[in-house]
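A short worksheet on the structure shown next.
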Amino acid sequence: MADFHFCCSECGLEYPEDPALLVCPECAKSQAPGGATRGVLEVRLESLPDRWPEADTRDPRFLEAFLPVRGAESFPDYAAGGTPLTPAVRLGKALGFDRLWIKDDSRNPSGSTKDRASLLVAAKALEYGLETVAAASTGNAGTALAAVGAAAGLETVVFVPATAPEAKLVQMVAYGARVLPVEGTYDDAFELCLAACREFGWYNRNTALNPFTIEGKKSAALEIARSLGSRRPEVVVVPVGDGVILSGIAKGFADLRAAGLIEDVPRLVAVQAEGSAAIAKAWSAGAAEVRPVPGAHSIADSLTVEAPRNGRLCLRDIRESDGGAVTVSDDEILAAIRELASLSGVFAEPAAAAALAGLAAAREASLVDTPDAIVLLVTGSGLKDLPAAARAVTRPEPVPATLDAVAARLRLP
């Protein structure tokens, strides 16, 4: 059993484990309506392994060594994590980077990195004897919760903006979730989920609210470090909406350094869509607070949020890693979908392709350099939003069923 406690990321107050505790009660008193969550809690393990477990990274025995669970048996039978970290040789050559890797989290069972957080949240719900878990989501977190819930035998309720991509809605319903499309934004869905959990006694998985969401996502950093070994990454490029994925990556590397398994942590580069760039703007301005972006918009639905709930902690993590933040346009994201697919074989949804678009922006901003060892975190599959991907390519017209037509179309001699 991994002993742990909660620590407020702002005031430093510590709290024992409590399933009803989501944020620091003291800091939450100063919560401004519509703003970032105040008093985000971090998990602090009482002990960390001083050597890598022999088990595979997807094995519950590996996870129990680094995550706050009673034991490997706490995890439902759901194969989250253990995704490939592959050298992107052709892509790197085209971009002028000698050491470029892709952490392809689109290979998770539900198609996104959000499976990592949902796996841990489900494990804790089972430990607490809870029956229903709810979440607000732009699509991927809800899909992941629905999938893990199906494997764990948990009831799941998902609040999504009514504009969420059809493929993600279909996934959730197929997994058996009770899905509530909300007439409004993700931020509206977040608040409604929060109220519903209070009213009906559901366990709240909301990102940047449930402390186990950050903790679960740190497993991607553990896998990157174990895969690369002494070739440690100098930069990890992360698509950012609420900021929880980046904070999870930061937490993973911080735990590994505390355990003595790595010496240095990589610089973290946050990539945000131009139309939803609250965190990037705060970083550029040197601000401590993240101001909401009314009317936030982007083709990358997973990055579109007016008030990043984990904005303050994400800013801290970027700065402590000596990293930075950049913004990318929708056109750059669309171009990156095709470039990533054609040069690496990885088909990404817009939010995930933003990592590649952000790499170019980061080099222009002198946040990365050609010799750096760089990992791109690809967070979700292109199959999650085919209409967006269709805008990145030109669909070919039919040809007559003749060899002459084939030769003419392909301009063969």
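A few notes on this one:
- Among (1) among the polar types (S, T, N, Q); (2) under 29 Å from residue 8 (Cβ atoms); (3) part of a helix (DSSP H, G or I), the one test that residue 106 misses: (2)
- Taking the criterion of being in contact with an Asp or Glu (Cβ under 9 Å, 6 or more places away or on another chain), within 24 Å of residue 75 (Cβ to Cβ) and either among the hydrophobic types (A, V, I, L, M, F, W, C) or without any contact (Cβ under 8 Å) to a residue 12 or more places away in the chain (or both), the only residue of segment 154-170 that qualifies is 154.
- Residues of segment 126-156 that turn out to be under 17 Å from residue 80 (Cα atoms) and either buried (at least 24 other Cβ atoms within 10 Å of the Cβ) or of a type in the set (S, T, N, Q) (or both), as a count: 10
- No other residue among 167, 196, 174 is surrounded by fewer than 22 Cβ atoms within 10 Å (Cβ to Cβ) and closer than 30 Å to residue 374 by Cβ apart from 167.
- When each of 70, 90 is tested for being at pLDDT 90 or above, part of a helix (DSSP H, G or I) and surrounded by fewer than 16 Cβ atoms within 10 Å (Cβ to Cβ), the lone residue that passes is 90.
To keep it simple, each residue is scored yes or no on (1) among the small types (Gly, Ala, Ser); (2) out of contact with any Leu (no Cβ under 7 Å at 6 or more places or on another chain); (3) surrounded by fewer than 24 Cβ atoms within 10 Å (Cβ to Cβ); (4) assigned to a loop (DSSP other than H, G, I, E, B).
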position	(1), (2), (3), (4)
237	no, no, no, no
242	no, yes, no, yes
246	no, no, no, no
253	no, yes, no, no
257	no, yes, yes, no
264	no, yes, yes, yes
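- Checklist (1) touching a Pro at 6+ places or on another chain (Cβ under 7 Å); (2) farther than 22 Å from residue 374 by Cβ applied to residue 271, failing item: (2)
- Considering 49, 53, 84, 16, the condition of being touching a His at 6+ places or on another chain (Cβ under 8 Å) and over 26 Å from residue 311 (Cβ atoms) is satisfied by 16 alone.
- Counting the residues of segment 348-366 that are surrounded by fewer than 19 Cβ atoms within 10 Å (Cβ to Cβ) and of a type in the set (A, V, I, L, M, F, W, C) gives 2.
- Residue satisfying condition, being in a loop (DSSP other than H, G, I, E, B), among the aliphatic types (A, V, I, L, M) and either at pLDDT 95 or above or under 28 Å from residue 306 (Cβ atoms) (or both), within set 225, 195, 208, 221: 208
- Residues of segment 141-171 that are modelled with pLDDT of 95 or more and either in contact with a Phe, Trp or Tyr (Cβ under 6 Å, 6 or more places away or on another chain) or of a type in the set (Lys, Arg) (or both): 146, 147, 148, 150, 151.
- Residue count for segment 40-82, restricted to those that are without any contact (Cβ under 8 Å) to a residue 12 or more places away in the chain and in contact with a Phe, Trp or Tyr (Cβ under 7 Å, 6 or more places away or on another chain): 1
- Test: residue in segment 349-358 that is more than 27 Å from residue 209 (Cα to Cα) and among the hydrophobic types (A, V, I, L, M, F, W, C): yes
- Exclusive hit being modelled with pLDDT under 90 and aliphatic (A, V, I, L, M), set 20, 32: 32
- Scanning segment 278-330 for residues that are among the small types (Gly, Ala, Ser) and in a loop (DSSP other than H, G, I, E, B) yields 286, 287, 288, 295, 296, 298, 300, 307, 321, 323, 329.
- Some residue of segment 53-63 being part of a loop (DSSP other than H, G, I, E, B) and among the aromatic types (Phe, Trp, Tyr): no
The values are calculated or read from the model by the stated rules, or taken from the named source; none is laboratory data. All values reported here derive from a predicted model rather than from experimental measurement. For neighbour counting, all protein chains shown are included, and Cβ atoms are generated from backbone atoms with ideal geometry for every residue, glycine included.
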